[in-house]
């Protein structure tokens with residue numbers, strides 16, 4: 001089984017914000033597959049389906065961004081999922097809005113949600129898809145990430161979500177190396 005984890009903040013207030021790109025991607029994929037991500041398990045909303053012939057669980061932690069790892073760690077331990085079968089999708093201010101970057105492993109950078117996931121999984125060796133939200137000069141980082149989308153960003157971010165969804169499928173069906181070659185920067 002693969003876990004496809006989207007990071008974000010629960011609640012209507014945060015639904016359409018830059019920091020919820022992970023949740024938005026999970027919702028996009030679930031809609032495409034006709035899956036409901038609404039069962040509450042391990043402090044997350046989850047839904048199950050299959051993708052590329054593999055069982056997958058879509059996960060949206062309900063612990064708020066900075067504590068996401070608490071939920072993810074519980075699920076990984078409960079289902080005994082290997083780290084290379086955990087794909088985490090999240091926003092990144094260091095990448096241009098509308099671009100995606102896939103990595104096999106690595107540090108969390110400045111992203112507190114990823115810091116929590118790494119800490120609670122006990123490893124940084126799991127695939128991740130970062131969706132670029134760009135940085136905004138003169139705006140506090142917290143205000144920027146929990147702010148809504150600008151008109152200019154809406155279309156590139158929608159393309160990035162669609163590309164991230166395809167990248168998840170490529171990771172599962174073709175492997176991380178091929179997915180990186182296909183999707184890194186190509187949105």
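Of all residues in segment 1-50, which are assigned to a loop (DSSP other than H, G, I, E, B) and under 19 Å from residue 146 (Cβ atoms)?
Of segment 1-50, the ones assigned to a loop (DSSP other than H, G, I, E, B) are 1, 7-11, 15-16, 34-38, 42-43.
7, 8, 9, 10, 11, 15, 16, listed by residue number.
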- Query: Since residue 163 meets every condition but one in (1) in contact (Cβ under 8 Å) with a residue 40 or more places away in the chain; (2) under 22 Å from residue 1 (Cβ atoms), which condition does it not meet?
  - Reply: (2)
- Could you figure out which of (1) touching a helix residue (DSSP H, G or I) at 6+ places or on another chain (Cβ under 9 Å); (2) more than 24 Å from residue 69 (Cα to Cα); (3) surrounded by fewer than 17 Cβ atoms within 10 Å (Cβ to Cβ); (4) at pLDDT below 95 isn't true of residue 178? (4)
- Return a yes/no flag: does segment 83-93 have any residue that is touching a helix residue (DSSP H, G or I) at 6+ places or on another chain (Cβ under 6 Å) and within 12 Å of residue 18 (Cβ to Cβ). yes
- Query: Looking at (1) crowded, with 19+ Cβ neighbours inside 10 Å; (2) over 15 Å from the mean Cα position of the chain (by Cα); (3) within 25 Å of residue 43 (Cβ to Cβ), which is the only condition residue 90 fails?
  - Reply: (2)
- Item | Selection from segment 1-26 of residues that are free of Cβ contacts under 8 Å to residues at least 40 places away in the same chain and either closer than 21 Å to residue 110 by Cα or out of contact with any helix residue (DSSP H, G or I) (no Cβ under 9 Å at 6 or more places or on another chain) (or both) | 11, 12, 13, 23
- Hey, any hits in segment 54-74 for a residue that's closer than 24 Å to residue 175 by Cα, surrounded by fewer than 16 Cβ atoms within 10 Å (Cβ to Cβ) and in contact (Cβ under 8 Å) with a residue 24 or more places away in the chain? yes
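The values are calculated or read from the model by the stated rules, or taken from the named source; none is laboratory data. The structure displayed is predicted, hence computed values, not measured ones. Virtual Cβ from ideal backbone geometry, glycine too; neighbours counted across all protein chains shown.
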